[in-house]
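Take a look at the structure set out below.
Bear in mind that the values in this text are calculations on the coordinates, not laboratory data. These numbers were taken from a predicted model, which means no experiment stands behind them. Positions of Cβ are backbone-derived with ideal geometry, glycine not excepted, and every protein chain shown enters the neighbour counts.
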Amino acid sequence: MNDDRQNGAMIRLQGLSKSYQTADIETLALDGIDIAIERGEFVSIMGPSGCGKSTLLNIIGMLDSPTYGHYFFLGEDIAGYGERKLANIRKAHIGFIFQSFNLIDELSVRENVELALLYHKIPAKERRARADMVMEKVGIMHRAKHMPSQLSGGQQQRVAVARALVAEPDLILADEPTGNLDSAHGQEVMDMLRALNDEGATIVMVTHSPSHADYAKRTINLFDGHVVTEDIREVI
Ligand SMILES: Nc1ncnc2c1ncn2[C@@H]1O[C@H](COP(=O)(O)OP(=O)(O)O)[C@@H](O)[C@H]1O
Ligand SMILES: [Mg+2]
């Protein structure tokens, strides 16, 4: 790897746009986004409903591809990559946390967490050990054999955080991770994200909550697919 790749931003989006074509209408969900995110940053993304926050996060997470522009991830322009290549980068680097937890109802807590390692060619015994370690870390070990439906929302989100962490990602993407939680459980998730960031993980989080956005040093405000302002603050 050359110096550029090692010293550059973790994420660099240049002139990035995304349009969705449905029947006879075209929606420009993102319109000329230029953003750089350094390794170790904690960035929040805010803006009204429909302004493109999830689209941006999904593109950063390689779940969706831009229509125009460049996306440099660790110095490599991945904008035109196919699904296989993207899946490999995703697996090696990225963990996701969603508003609606997205756990698999038919699997136990432990199985949900282990599932995230299934495509990593890791022996079963080590999968289990790693799943147990992250469940311990997020305080859900005592529910390892429960099914998701037997857990509170706060507990389900802990499982989702464990699942996001088990492959030891260096980038964590969270789309309104506290959106379905009461304030106490929301606070717990935010404290977990802060601890992960303190340990070195890069975090990009979409939120509607100004107090949760304050956990990040930088907030990117979106409106109609554009970056309108960026706020930098002293972290509370
Ligand atoms: N799969 C899709 N097909 C068509 N339009 C979409 C799709 N996903 C998002 N959009 C549109 O793109 C815009 C941005 O959506 P989204 O990124 O979900 O906004 P936010 O997360 O800020 O609420 C909206 O107008 C939405 O309707
Ligand atoms: Mg959204």
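Some values worked out for this structure:
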| item | result |
| --- | --- |
| J(HN,Hα) series, segment 132-145, from Karplus relation 6.51 cos²θ - 1.76 cosθ + 1.60, nearest Hz, glycine and proline x | 5, 5, 6, 5, 4, 4, 9, x, 10, 4, 5, 10, 3, 9 |
| Cα centroid separation, segment 145-193 to segment 20-47 (Å) | 23 Å |
| Cα gyration tensor, segment 17-89 - rounded (a/c under 1.5), prolate or oblate | oblate |
| Cα gyration tensor shape of segment 1-125, rounded if a/c is under 1.5, else prolate or oblate by comparing a/b with b/c | oblate |
| Gained length - Thr27 relative to Ser49, 0.36 nm times residue gap less alpha-carbon distance | 6.5 nm |
| Full-extension gain in nm, Asp105 to Lys145, via 0.36 nm per residue minus C-alpha separation | 13.2 nm |
| Gaussian network model of the chain, Cα within-10 Å springs - most flexible of Ala23, Ala116, Ala129 | Ala23 |
| Relative contact order (%) - the chain, alpha-carbon pairs under 8 angstrom, separation at least six | 27 percent |
| Förster radius 41 Å - calculated FRET efficiency between Ala9 and Glu136, Cβ distance, rounded to 0.05 | 0.80 |
| Coarse-grained scattering of the chain at q = 0.10 Å⁻¹, given as base-10 log I(q)/I(0) from a Debye sum over alpha-carbon atoms | -0.47 |
